[in-house]
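All remarks here apply to the structure that follows.
The values are calculated or read from the model by the stated rules, or taken from the named source; none is laboratory data. Given the structure is predicted, the values throughout are model-derived calculations rather than measurements. In this analysis, Cβ positions are derived from the backbone assuming ideal geometry, glycine residues included, and neighbour counts consider all displayed protein chains. When the accessible area is computed, the model is the full protein with side chains, heavy atoms only, and any ligands, DNA or RNA have been set aside. Shrake-Rupley method; radii C 1.70, N 1.55, O 1.52, S 1.80 Å.
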Amino acid sequence: MYLYNEFDDKFVRARVNQFRGQVEKRLDGSLTEDEFKPLRLMNGLYLQLHAYMLRVAIPYGTLDSAKMRQLAFIADKWDKGYGHFTTRQNIQYNWPKLKDVPEILDALADVGMHAIQTSGNCIRNVTSDHFAGAAADEIEDPRPTSELLRQWSTDHPEFQFLPRKFKIAVTGSPNDRAVTKAHDIGIRMIRNDAGEAGYEIIVGGGLGRSPFVGKVVREFLPREDLLPYLEAILQVYNLSGRRDNKYKARIKILVHETGIEEIKVAVEKNFLTQKKYFQAPSDALVSAIEDYFIPPKLIDEDVKGLEEAMLKNPALRSFVDTNIEEHRVPEYAIVSISLKPIGGTPGDATSEQMRLIADLAEKYSHDEIRISHEQNLILPHVHKSDIPALYDELKTLGLATANIGLVSDIIACPGMDYCALATARSIPIAQEISTRFNELKLEHEIGKIKIKISGCINACGHHHVGHIGILGLDKAGIENYQITLGGDGTQNMTIGERAGPGFSAEELMPALERLIAAYLDIRENDDETFLNTYRRLGQAPFKAALYPETADA
Amino acid sequence: MARAFTPKVVTANDLLEGDVIYFNANNKWVRALSDAAILTELEEANALLAIAAKDIDSIVGAYLADVKIDNAGKPVPAHFREEFRTKGPSNYFHGKQTESNTQKA
Ligand code: SF4
């Protein structure tokens, strides 16, 4: 776990004190809202539909038990006893009061956390693979690189007023779990033919109003060149990105309008200049950080008791089948804790649950916890012998739902239940889908499927890359839901295709049932996933299921 | 012929708590939509909004929201977004729906 050094700590404390002064000035009327708004946004404080919302960064999704307990403490003391984990590895509190926020920020700083750069047109929280440091398929732990980028981008004077927000994601595995191709910059840790470690740099991906799959701007970047190269990209964007139109201001539009070849030339040229200014090679900086990410000392012990326990308890077997991922050490497992109980709100955890997870992380996972962009929590280093005991403890607080990757493991943004930008609700839709397919007892038969829901075109719920994507819109004063099909957020990133006209909230569930029934009917065999069936057969049979009237005509 | 004017209320969020508030006929901020002043003419609506918006040290983001008028002569939201603002989120019993004084008579 990265520990704040004295510089980090001083910087964060200074920001909290500045903000305390700014809140006081706002409350006594010496700052207007127009003056105050950019200041509060710089500290992660939004005003939503019913209340303020504080967005706290969880850099590259890594937490320890002390941090988790503090998040629970904050939820109890200043909020309504819960928090919402987002698709960008943040946690959001939905009910803080303005006067309390400086105190909350102080409490965060006590455990080396903050809400800086979780809003505004700057480089946002750097996200990464939630299985980092544990996954069997990993080439290298992406977190030291992510941490270097956090340090580089935090309060970077040149990049505080970019044309628009800027998101960076890093993956160290060929199987991309960090959706790097949907980021302004995506970084993949790779090795070249000579076996040297480097980065593939992807630029201009993004969802939202105009979704784009990121394009490779540099196939192999030596590790020493990372910071000057990113500095070069950011400078090109900062100067040439469109500031005239909010909807065209992201780097994806610049890349799209200029063309990747021309961007490449501009970046490479600028890079040669930047290289002179960066004295320390980036790989040396990463190495210095690596000391904070030394893998935990795993015990060399055979797995005992798991098979027997699974024989006795089919529910445990089902949990192991769905919620366990392969660890780089065969006796260990990566355990996903689903924050998608049937009928619940995706991504929400109560303070009690947070404290239990903190305890379990200490007891079973070398004090490590991860947050996934899919709004679940992860214990990355669990010895397989401990799984039965862990499972029993998770069950006590409703945290043992065995549904990772299944139809009820839905991503849903807060939508119009909280978000001021929303055009429709998304949470009740997620609740209905998970409740209904649970009633139908179809979840396991359907198998692996990703449903993702956004409450507006900003696409925080990643609907474009859902196998089934759902976008909530306001159609003449009524909530209306548009379906996209065939999206994929992995290394094979694909933007889903719109299926046709939207559905009212009442029509949506029956339409989804028809869609799933059609899939079960036409798949080649039980192992062919929804996405693969869609890829094999195209949209026609799915469209026919969604719109039976037009198909008959 | 000019289109009929949709009745409006002035609404905003409270600076301290962030919760939804409405402007009443005595130029005071209240928590319940049913207590808000109903504005049936454009000029009147703009005038009240101008007064309300001056309250910069207690409110944020005043605007005019469309309402319908129910049988009891009380304003009710014309759009679902405003309806949610009168209640709070649908996934938990939090926000305005928990305050008894905002329940409709
Ligand atoms: S997608 Fe839209 S509604 Fe959902 S959280 Fe993002 S901005 Fe809000």
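Looking at the structure I just gave you, is A:R88 out of contact with any helix residue (DSSP H, G or I) (no Cβ under 9 Å at 6 or more places or on another chain), open to solvent by 10 Å² or more (accessible area, probe 1.4 Å) and not polar (S, T, N, Q)? So A:R88 fits the description; yes. Across region B:19-28, the qualifying residues are those that are without any contact (Cβ under 8 Å) to a residue 40 or more places away in the chain and crowded, with 19+ Cβ neighbours inside 10 Å, and the one among them that is farthest from B:E83 (Cα to Cα) is B:F23. Applying the condition of being in contact (Cβ under 8 Å) with a residue 40 or more places away in the chain and open to solvent by less than 10 Å² (accessible area, probe 1.4 Å) to region A:63-81 and asking which residue is nearest to the other protein chains (Cβ to nearest Cβ) yields A:A75. On the given criteria, is A:N238 more than 21 Å from A:G133 (Cβ to Cβ), without any contact (Cβ under 8 Å) to a residue 40 or more places away in the chain and open to solvent by 10 Å² or more (accessible area, probe 1.4 Å)? So A:N238 fails the test. Looking at the structure I just gave you, is A:E374 within 16 Å of the ligand (Cβ to nearest atom), open to solvent by 30 Å² or more (accessible area, probe 1.4 Å) and not assigned by TED's automatic domain parsing to the domain that holds A:G472? Taking the combined requirement at face value, the residue satisfies it.
Restricting region A:476-488 to residues that are touching a Gly at 6+ places or on another chain (Cβ under 7 Å) and not in a strand (DSSP E or B) leaves a set whose member that is nearest to A:F85 (Cα to Cα) is A:G487.
Taken over region A:497-517, residues that are open to solvent by 20 Å² or more (accessible area, probe 1.4 Å) and more than 25 Å from A:D474 (Cα to Cα) amount to 1.
Summed over region A:464-486, the residues that are within 15 Å of the ligand (Cβ to nearest atom) and within 26 Å of A:A540 (Cβ to Cβ) give a count of 12. Listed by first and then second residue, the pairs linking a residue in region A:17-34 that is facing another protein chain (nearest Cβ under 9 Å) to a residue that is assigned to a loop (DSSP other than H, G, I, E, B) and open to solvent by 30 Å² or more (accessible area, probe 1.4 Å), with Cβ atoms under 6 Å apart and 6 or more places separating them unless they lie on different chains, are A:G29/B:D57; A:T32/B:I56. Looking across region A:261-278, the residues that are aliphatic (A, V, I, L, M) and open to solvent by less than 30 Å² (accessible area, probe 1.4 Å) come down to A:I263, A:V267.
Is region A:246-253 home to any residue that is open to solvent by 100 Å² or more (accessible area, probe 1.4 Å) and touching a Lys or Arg at 6+ places or on another chain (Cβ under 9 Å)? The answer is yes; a qualifying residue exists.
Total residues in region A:504-530 satisfying the condition of being touching a residue at least 24 places away in the same chain (Cβ under 8 Å) and either under 17 Å from A:N438 (Cα atoms) or not in a loop (DSSP other than H, G, I, E, B) (or both): the figure is 15.
Cβ-Cβ distances below 8 Å connect the following pairs, each with a first residue in region A:408-429 that is more than 11 Å from chain B (Cβ to nearest Cβ) and open to solvent by less than 10 Å² (accessible area, probe 1.4 Å), a second residue that is of a type in the set (G, A, S) and near the ligand (Cβ under 8 Å from one of its atoms), and a separation of six or more residues or different chains: A:I411/A:G461. Of all residues in region A:441-456, those satisfying the criterion of being within 16 Å of the ligand (Cβ to nearest atom) and part of a loop (DSSP other than H, G, I, E, B) are A:G455, A:C456.
Residues in region A:75-89 that are in contact with an Asp or Glu (Cβ under 8 Å, 6 or more places away or on another chain) and at pLDDT below 95: A:T87 alone.
May I ask you to verify whether A:G461 is at pLDDT 95 or above, within 11 Å of the ligand (Cβ to nearest atom) and open to solvent by less than 20 Å² (accessible area, probe 1.4 Å)? Considered against the rule, which asks whether it is at pLDDT 95 or above, within 11 Å of the ligand (Cβ to nearest atom) and open to solvent by less than 20 Å² (accessible area, probe 1.4 Å), A:G461 comes out as yes. Scanning region A:193-228 for residues that are touching a Gly at 6+ places or on another chain (Cβ under 7 Å) and closer than 24 Å to A:F278 by Cα yields A:I202, A:V203, A:F220, A:L221, A:P222, A:R223. Scanning region A:430-440 for residues that are touching a helix residue (DSSP H, G or I) at 6+ places or on another chain (Cβ under 8 Å) and open to solvent by less than 10 Å² (accessible area, probe 1.4 Å), we see that the one that is nearest to the ligand (Cβ to nearest atom) is A:I433. Within region A:457-475, residues that are under 10 Å from A:A412 (Cβ atoms) and part of a helix (DSSP H, G or I) have Cβ atoms under 8 Å from residues that are among the polar types (S, T, N, Q) and open to solvent by less than 20 Å² (accessible area, probe 1.4 Å) in these pairs: A:H463/A:S454; A:H463/A:T484, counting only partners at least 6 apart in sequence or on another chain. The single condition among (1) within 16 Å of the ligand (Cβ to nearest atom); (2) under 20 Å from the mean Cα position of the chain (by Cα); (3) more than 17 Å from A:G344 (Cα to Cα) that A:C413 does not satisfy is (3).
Output the strands (runs of 3 or more DSSP E) that fall wholly within region B:18-105 and possess 1 or more residues being facing chain A (nearest Cβ under 10 Å) and either closer than 19 Å to A:N94 by Cα or among the polar types (S, T, N, Q) (or both), or say none. Qualifying strands (runs of 3 or more DSSP E): B:20-23, B:59-69. In the set A:N121, A:N125, only one residue is outside any helix (DSSP H, G or I) and touching a Ser or Thr at 6+ places or on another chain (Cβ under 8 Å); that residue is A:N125. The single condition from (1) under 27 Å from A:D79 (Cβ atoms); (2) buried (at least 24 other Cβ atoms within 10 Å of the Cβ) that A:N323 fails is (1). Taking region A:91-121 as the range and being crowded, with 21+ Cβ neighbours inside 10 Å and among the β-branched types (V, I, T) as the test, the residues that pass are A:I91, A:V101, A:I104, A:I116, A:T118. Please work out if A:V335 is hydrophobic (A, V, I, L, M, F, W, C) and assigned to a helix (DSSP H, G or I). Judged against the criteria, A:V335 is not a match.
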